[in-house]
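Working notes, beginning with the structure itself.
The values are calculated or read from the model by the stated rules, or taken from the named source; none is laboratory data. This structure is a prediction, so every number in the text was calculated from the model and none was measured. Backbone-built Cβ (ideal geometry, glycine too); neighbour counts: all protein chains shown.
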Amino acid sequence: MGSESSSAEAIAEEQAAEEGLIIQQEQNDRRCATYIFNNEDHTLGNLLRTVLSGHSNVEFVGYSIPHPSEAKMNLRLQTLTQDTSEVLNEALRTVQNMARVMREKFVHASQEQ
């Protein structure tokens, strides 16, 4: 039975890896998780760390690049009360809004010239 469950976990992890994100989280504690972003680096890691560190419900956030030859970024997130997925989604929306505002300002400035 144990080999069947570990085999199913390996298949699920492989499918998630193809999609670009693996979530490592205990089912009974949704306040702590590691998110493994494939094909990402310090650019996204530092941006998310900065945005998340300003969130009132974040107890700990950090990221690492396991090895320079691997295209992976690990984001460790621990919250006080909220599900980490909710908090991460809020941070991703914040980053998306920041990018939208920057693009609008760039387009406006380039049209003035």
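L52 fulfils the conditions (1) touching a strand residue (DSSP E or B) at 6+ places or on another chain (Cβ under 9 Å); (2) at pLDDT below 55 except for a single criterion, (2).
Residue-wise test of (1) within 11 Å of the chain's Cα centre (by Cα); (2) modelled with pLDDT of 90 or more; (3) surrounded by 15 or more Cβ atoms within 10 Å (Cβ to Cβ); (4) basic (K, R).
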residue: Q15; (1), (2), (3), (4): no, no, no, no
residue: E18; (1), (2), (3), (4): no, no, no, no
residue: I22; (1), (2), (3), (4): yes, yes, yes, no
residue: E26; (1), (2), (3), (4): no, no, no, no
residue: C32; (1), (2), (3), (4): no, yes, yes, no
residue: I36; (1), (2), (3), (4): yes, yes, yes, no
residue: G62; (1), (2), (3), (4): yes, yes, no, no
residue: N74; (1), (2), (3), (4): yes, yes, yes, no
residue: L77; (1), (2), (3), (4): yes, yes, yes, no
